[in-house]
Amino acid sequence: MLLFTPAYSTEKAINWLSRVIHRVGGIVLAAMMFLTAADVFLRYLFNRPISGALELNENMLVILVFFSVAYTAIQKGHVRVEVLITQLSQKAQSVIEIISGFVTFVLSLMITWQAFVLALEKMEQGLTTAVLFIPVFPFIFMVAFGSGLLSLVLLVDLVHSVDQVVRSHWKILEWLIPLLIMILLGAAIFFGFGSLPSKLSPVQAGYVGFIVLLVLLFSGMPIGFVMALIGFAGMTYLTTMESGLGLLGNVPYSTVNTYSFCVIPLFILMGSFAFYTGLSKDLYGTVYKWLGHFPGGLAMATVGACAGFAAISGSSLATAATMGTVALPEMKRYKYDPALATGCIAAGGSIGILIPPSVVLVIYGILTNEPIGDLFIAGFIPGILEALFYLGTIYIICKIDPRRGPRGERVDLRKKLFALKDTWGIIALFVLVVGGLYFGVFTPTEAAGVGAFGVFFLTLARRKLTFKHFGDSLSDTGKTTAMVFVILIGAMLIGYFLTITRIPYELSNWVANLQMNRYVILVIIILIYLFLGCIMDSLSIILLTIPIFFPVVVKLGFDPIWFGIITVRISEMGLITPPIGMNVFIIKGVAGDVPMYTIFRGIVPFLIADACHVALLVAFPQISLFLLKLLG
């Protein structure tokens, strides 16, 4: 039997090229950090800012993202919803995987084609940047190149999926291949020659698109590609094929080539440096000396360290992964209950997207045009309060049953104070980044660049930054950045479709006209977020729902800053709720010998604490807005 296996040398060459350009992207990321920090220092110390720094950062972000998307696909780093597909038979999984892989490959190929066409157009027009007069077309060619390499990686994955079916269920191909051909022909006919016999209205098309979106999400197709496909198909249906293809060519470049989005990789890099150089371990040791002697003291120290690490990370997944590797071995050594040990790390990790700096709050601010500095200040007290709720939960659990969390050693005050020397750098960086951002010293991107450089310099001065640590930090940041921007591009594409359907505006008007208390409507929105949190990651939820719910909330008269905190807080709960629970999967990877059921069992008390915390934030908006009013 002929097996559909790609030539080993071809696959090896694709993987090698993906790794090489991913490393180039990492070098570009380092250049972004140094450039941003240098621009700030030169401006304030010598009044000589670097001319065109903004344009350089925008173009370097394009290189970073599209030089990393293929390698991220190889590492299986693009986010999927696999909760349903994993419950099916192996045969059904194989069929769905082939169909979704085929659709993803075709869509990636179309993006490559349209980016190449756009690059040729800009080259003929001679378009350049406004300050440095850098030609634009080479960077659009990089979009095409990165997307093309991603297409090759997806093709290899597709061939492997087909080969697996050939080996085990070869008769499926008798009808699967004709089905794939029919999908292509049907799409060509539909998009090329008109529409359905009875044309839907824009609003009806929007509802149909949303239903198809949910179906495709559960197919295991990467979330970013699902949103991109619905956006392209919907725009093509409601307008023209040229319009839909034009979006596929323009949106990937225009989305990434945005200065305000440069903040994302720089904040992620800040957390990566802290993880790889052991700052998190120092932080954990300090907090343990202060809290370790309480019932469940190690678990309390873990939550406290999570809150501290969140102040330099901006990512819940990074916080959970970091503290899992640091704290879990210690709690095992002290014979902590596995459910409590893993549950407190998964829950504590979720603090990472509320305590500033927060990548998700940054994206919320960009989507809603709300000041990012205000969002950071508003998230501080709710984040600390969340940590206190978790500490109280641990204390109650261990007071009822001391065997679940034995007390640690008691440390005298002198040693406690001496331990603070290991955390002064983290405190200084937090004050520098958040204070400089709020008081207008830095833009969000400058704050992220200065923060990343600050951690880099701090670890270098303490001789904790090796060349390997530096490279691993750049590599991990590149992968995470590519994952985030694939979802962002998909969200932008589906956003155009939602705009033309007018669903956000229709929904806003409908809700505003309901004869119902506005808090009842808010509870409904919160319940929707809780449901979505069970099946999607927080970033995808924010990007998908904010264009719909934000106009509703504003029309109801709620404070948009406060709603941002509530939205992020509810999304945090999704990180530890079944069946997705991204933080739970992270902890499962760290504690491989602990069953998933045990981890989810350990999460339950913290979910109860979360519900109480959210109810408090909803009932008393002043908790989120107090610092903002205090600072005027």
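The values are calculated or read from the model by the stated rules, or taken from the named source; none is laboratory data. Treat the numbers as computed from the prediction; the structure is a model and nothing was measured. A quick note on method: Cβ atoms are made from the backbone with ideal geometry, for glycine too, and the neighbour counts reach across all protein chains shown.
Remarks
- Residue count for region 45-80 satisfying the condition of being touching a residue at least 24 places away in the same chain (Cβ under 8 Å), assigned to a helix (DSSP H, G or I) and among the aromatic types (Phe, Trp, Tyr): 2.
- Given (1) in contact with a helix residue (DSSP H, G or I) (Cβ under 6 Å, 6 or more places away or on another chain); (2) of a type outside the set (Gly, Ala, Ser); (3) part of a helix (DSSP H, G or I), index of the condition residue 221 fails: (3)
- Considering residues of region 383-401 that are more than 20 Å from residue 357 (Cα to Cα) and touching a Cys at 6+ places or on another chain (Cβ under 8 Å) only, the residue surrounded by the most Cβ atoms within 10 Å (Cβ to Cβ): 394
- Selection within region 563-580 - without any contact (Cβ under 8 Å) to a residue 60 or more places away in the chain and either surrounded by fewer than 21 Cβ atoms within 10 Å (Cβ to Cβ) or more than 16 Å from the chain's Cα centre (by Cα) (or both): 563, 566, 577, 578
- Just one of the listed residues (362, 455, 450) is over 30 Å from residue 551 (Cβ atoms), modelled with pLDDT under 90 and of a type outside the set (D, E, K, R), and it is 455.
- Output for region 451-467, where each listed residue is more than 20 Å from residue 359 (Cα to Cα) and assigned to a helix (DSSP H, G or I): 457, 458, 459, 460, 461, 467
- In region 266-285, of all residues being surrounded by fewer than 23 Cβ atoms within 10 Å (Cβ to Cβ) and more than 30 Å from residue 64 (Cα to Cα), the one that is nearest to the chain's Cα centre (by Cα) corresponds to 282.
- When region 420-450 is filtered for residues that are in contact with a Phe, Trp or Tyr (Cβ under 7 Å, 6 or more places away or on another chain) and not in a helix (DSSP H, G or I), nothing remains.
- Whenever a residue of region 395-423 is farther than 24 Å from residue 332 by Cα and outside the structural domain of residue 299 (by TED's automatic domain parsing), it has no partner that is surrounded by 12 or more Cβ atoms within 10 Å (Cβ to Cβ) and among the hydroxyl-bearing types (Ser, Thr, Tyr) lying with C-beta atoms less than 8 angstrom away and at least six residues away or across chains.
- Candidate set: region 460-474, residues that are charged (D, E, K, R), over 12 Å from residue 275 (Cβ atoms) and more than 27 Å from the chain's Cα centre (by Cα); chosen: the one surrounded by the fewest Cβ atoms within 10 Å (Cβ to Cβ): 463
- Qualifying residue in region 581-592 (condition: within 20 Å of the chain's Cα centre (by Cα), under 17 Å from residue 79 (Cβ atoms), outside any helix (DSSP H, G or I) and touching a residue at least 40 places away in the same chain (Cβ under 8 Å)): yes
- Test: residue in region 336-352 that is outside any helix (DSSP H, G or I), among the small types (Gly, Ala, Ser) and in the same structural domain as residue 597 (by TED's automatic domain parsing): no
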